[in-house]
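Down below is the structure, laid out as structure tokens.
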Amino acid sequence: MHDPTDDPPLQVTRPFLPALDEFIPYLAQIWQRRILTNKGPFHQQFEQALQRYLGVEHLALFANGTLALVTALQALRITGEVITTPFSFVATSHALLWNGLEPVFVDIDPRTLNLDPRRIEAAITPHTSAIVPVHCYGNPCDVDAIQAIADRHRLKVIYDAAHAFGVQCEGGSVLRHGDLSALSFHATKVFNTFEGGALVCRDAQTKQHIDHLKNFGFVDETTVVAPGINGKMNEFSAALGLLQLEHIDDVLARRRRIDASYRRLLHGTAGIRCVAPTGQRVTNCAYFPILVGPEHPCSRDALYARLRAANIHARRYFYPLVSDFPMYRGLASAQRRNLPVAHAVAGQVICLPMHPELTDRDIARVVEVVRGGPVARTEGGVD
């Protein structure tokens, strides 16, 4: 009898890397120059190339996306309370705590799974200074509605765009919305630089201020103008970023083909909802989330266990909710009654494997289990 654990493991994500021999010439230049960080040549080239690719005017590179978000809050001098989503990776809310801010959780839209604009205004108080929405799974928030609310109440908007590399709406890059947008180039993301991140901003003055903050506040050799940190991207990451830009269009095309295959093969499966795009003109297929409803023969956790038993390492992004973690659960806004949609979705969501190296056979293997096909000998035998 076939043992599914004999099949090669399928990870939920797998970082794309170009051929090593393509990267060696970049390494040779780094060795020759001995400039490893502090805005070296590759850093400068990558920053300019990335601005052009993303269609934005001003962009600052960072060592990772979390430092970018922490610095964004500092750059805009955010204080008091910040409205955000509980349905995200913990870094979104942790960045608020690291800045001495209080997260105010607002429920999500049941269709987009992003922050629900209809719930935002009820959460605004005299202490609210900003909104930090997340483009969850790379699907854009309702940016127009959020901006209208921010304008009415004179609030800043900082988007956690960690999932939104290359995503475009009708007006161009989704990163152009809000006051700032924070990107992540972590190994698990659509576009990676080993580790890395960036902040997209609207004007050169803000970009300069951000550049000072990510370099300890230094302006020149002897002048420090702000209590900054070390958020700089190194030359190795910048070099990889330059090389990745040569491949990213092909990577995105492959991800879109995989997304289409999943949707076609899962169409009509009882109790399975494939989360749909939210109207973007260009999508990046960062993840492939499904919601497991009561019509499915398995509960979400039972299906997750069946996938694991078949050596398919899906993930329950995002479960539990950020608002359920110990450092947040005492907040009034974190109470379950305030977040019914987010709690329902967190109890249903599974992200299936999604990366450009998946084959048709890999996809068929995942779909078979999701549709209730046999897992064989190790059924249910996972931790």
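Only the coordinates and a few stated rules stand behind these numbers; no lab work does. Treat the numbers as computed from the prediction; the structure is a model and nothing was measured. So basically every Cβ, Gly included, is an ideal-geometry build from the backbone, and we count neighbours across all protein chains shown.
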(request) Set Lys and Arg Cβ to +1 and Asp and Glu Cβ to -1, take the dipole of the chain about its Cα centre, and tell me which of Ala72, Leu36, Gly271 lies farthest positive. (result) Gly271
(message) Please list, in order along region 13-18, the HN-Hα scalar couplings obtained from phi with the Karplus expression 6.51 cos²θ - 1.76 cosθ + 1.60 (θ = phi - 60°), rounded to whole Hz, x for Gly and Pro.
(response) 9, 8, x, 7, 10, x
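Sum up the charges of everything whose Cβ sits under 13 Å from the Cβ of Leu183, counting Lys and Arg as +1 and Asp and Glu as -1, but leave Leu183 out.
Details: positive: Arg176, Lys189; negative: Glu47, Asp160, Glu195.
Summing Lys and Arg as +1 and Asp and Glu as -1 gives -1.
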(request) List, in order, the whole-Hz ³J(HN,Hα) value for each residue of region 99-107 obtained from phi through the Karplus relation with A = 6.51, B = -1.76, C = 1.60 and θ = phi - 60°; use x for Gly and Pro. (result) 9, x, 9, 9, x, 10, 7, 10, 5
(request) Answer rounded, prolate or oblate for the chain, using the Cα gyration tensor with square roots of eigenvalues a ≥ b ≥ c: rounded when a/c is under 1.5, else prolate when a/b is larger than b/c, else oblate. (result) oblate
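Could you compute the FRET efficiency for Ala270 and Asp249, with r as their C-beta to C-beta distance and R0 at 45 Å, rounded to 0.05? List each step's numbers first, then the result.
Working: r = 37 Å, r/R0 = 0.81.
Efficiency computed from Cβ-Cβ geometry: 0.75.
Over region 113-183, what relative contact order in percent results from Cα pairs under 8 Å that are six or more residues apart? Mind showing how you got there, number by number?
Numbers: 106 pairs, mean separation 22.2, N = 71.
Dividing the mean separation by the residue count of region 113-183 yields 31 percent.
Kindly identify region 193-312 as rounded, prolate or oblate by the Cα gyration tensor criterion: order the square roots of the eigenvalues as a ≥ b ≥ c, call it rounded if a/c is under 1.5, otherwise compare a/b with b/c, prolate if a/b is larger, else oblate. Write down the numbers at each step before the final one.
Values: a/c = 2.79, a/b = 2.45, b/c = 1.14.
It is prolate, given that a/c is not under 1.5 and a/b is the larger ratio.
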(request) Pairs of Cα atoms under 8 Å, at least six residues apart: use those to get the relative contact order of the chain, whole percent. (result) 24
(message) What FRET efficiency comes out for Val282 versus Gln51 if R0 is 22 angstrom and r is the Cβ-Cβ distance? Round to the nearest 0.05.
(response) 0.80
(request) Whole Å is fine, so just give me how far the alpha carbon centre of region 16-82 lies from that of region 313-359. (result) 29
(request) Per residue of region 66-83, in order, report the coupling 6.51 cos²θ - 1.76 cosθ + 1.60 (Karplus, θ = phi - 60°) as ³J(HN,Hα) in whole Hz, putting x for Gly and Pro. (result) 5, 4, 4, 5, 4, 6, 4, 5, 5, 4, 8, 6, 6, 9, x, 9, 10, 7
(request) Give Lys207/Lys232; Lys39/Lys156; Lys39/Lys207; Lys39/Lys189 a once-over and call out the pairs whose C-alpha atoms are over 20 Å from each other. (result) Lys39/Lys156; Lys39/Lys189
(request) Taking the Cα centre of the chain as origin, sum charge times position over the Cβ atoms of Lys and Arg (+1) and Asp and Glu (-1), and report the length of that vector in debye to the nearest 20. (result) 480
(message) With 10 angstrom as the radius, rank Thr66, Thr206, Thr84 by how many other C-beta atoms surround their C-beta, starting from the fewest.
(response) Thr206, Thr66, Thr84
(message) With +1 on the Cβ of every Lys and Arg and -1 on the Cβ of every Asp and Glu, and nothing else charged, how large is the dipole of region 322-369 about its Cα centre, in debye rounded to the nearest 20?
(response) 400
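Roughly what % of DSSP beta bridges within the chain run antiparallel, to the nearest 5? Let's see the in-between values first.
Working: 25 of 41 bridges.
Around 60 percent antiparallel, to the nearest 5.
Report, in deg cm²/dmol and to the nearest 500, the calculated mean residue ellipticity at 222 nm for the chain, where each DSSP H run with n ≥ 4 adds -39500 (n - 2.57) and the sum is divided by the residue count.
Numbers: 12 runs with 130 residues, N = 383.
Computed mean residue ellipticity for the chain: -10000 deg cm²/dmol.
Using a Förster radius of 30 Å, what is the FRET efficiency between Gln208 and Ala187 based on their Cβ-Cβ separation? Nearest 0.05, please. Please report the intermediate quantities before stating the final value.
Values: r = 30 Å, r/R0 = 1.00.
Computed FRET efficiency for Gln208 and Ala187: 0.50.
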